[in-house]
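The values are calculated or read from the model by the stated rules, or taken from the named source; none is laboratory data. Because the structure is predicted, anything quoted here is derived from the model rather than measured. In this analysis, Cβ positions are derived from the backbone assuming ideal geometry, glycine residues included, and neighbour counts consider all displayed protein chains.
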């Protein structure tokens, strides 16, 4: 996990005064980190971006305690997992990392409202589509079954075109990271879910 150290250290250095208040934490991979319009997209909330580039769900669990020091948030919005699949991990492993994250969140923050944004159907990883769908199904089923304070936000279907393939307009040229249109879609979907 050493390759994440530089970005994690930057998150650790966020001023203590910015950690105060009724914050909604956005935590996860570069999809979160690159969300440059996050504050203006959620003007009714005090939001803070705790994404770090290339992170896996495993890394988000690993660094959770370090990054979350000093926060007492109102809610948590989380996105990670597609990098795990891209690295060759199996859906069942990602599911276990999600279960570990749930435990860590509960231990630190109690039963605050938490939102898991489903894995997105990126153009560059469409060959893994079945694994993405299966991972989403595992996590959504667990949330429905066990976790009253967790909600599943399904962005997968909304990011497909009329032929059922990823809508390239929602992605940058790399086919992986979101374009401005992709972030506008996410803003609309997530705002409806978190109120």
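Quick look at the numbers
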| item | result |
| --- | --- |
| Within segment 79-104, tally of residues that are under 23 Å from residue 21 (Cα atoms) and either assigned to a strand (DSSP E or B) or in contact with a strand residue (DSSP E or B) (Cβ under 6 Å, 6 or more places away or on another chain) (or both) | 1 |
| Top-ranked residue of segment 168-179 - restricted to ones that are free of Cβ contacts under 8 Å to residues at least 24 places away in the same chain and loosely packed, with under 14 Cβ neighbours inside 10 Å, ranked as nearest to residue 40 (Cα to Cα) | 169 |
| Segment 91-125 - residue that is buried (at least 20 other Cβ atoms within 10 Å of the Cβ) and in contact (Cβ under 8 Å) with a residue 60 or more places away in the chain and, of those, farthest from residue 137 (Cα to Cα) | 115 |
| Pick from segment 15-33, criterion in contact with a strand residue (DSSP E or B) (Cβ under 7 Å, 6 or more places away or on another chain) and in a loop (DSSP other than H, G, I, E, B), ranking: modelled with the highest pLDDT | 29 |
| Filter pass, residue 125 being more than 16 Å from the chain's Cα centre (by Cα) and not in a loop (DSSP other than H, G, I, E, B) | yes |
| Some residue of segment 19-36 being touching a residue at least 12 places away in the same chain (Cβ under 8 Å), surrounded by fewer than 16 Cβ atoms within 10 Å (Cβ to Cβ) and more than 22 Å from residue 194 (Cα to Cα) | no |
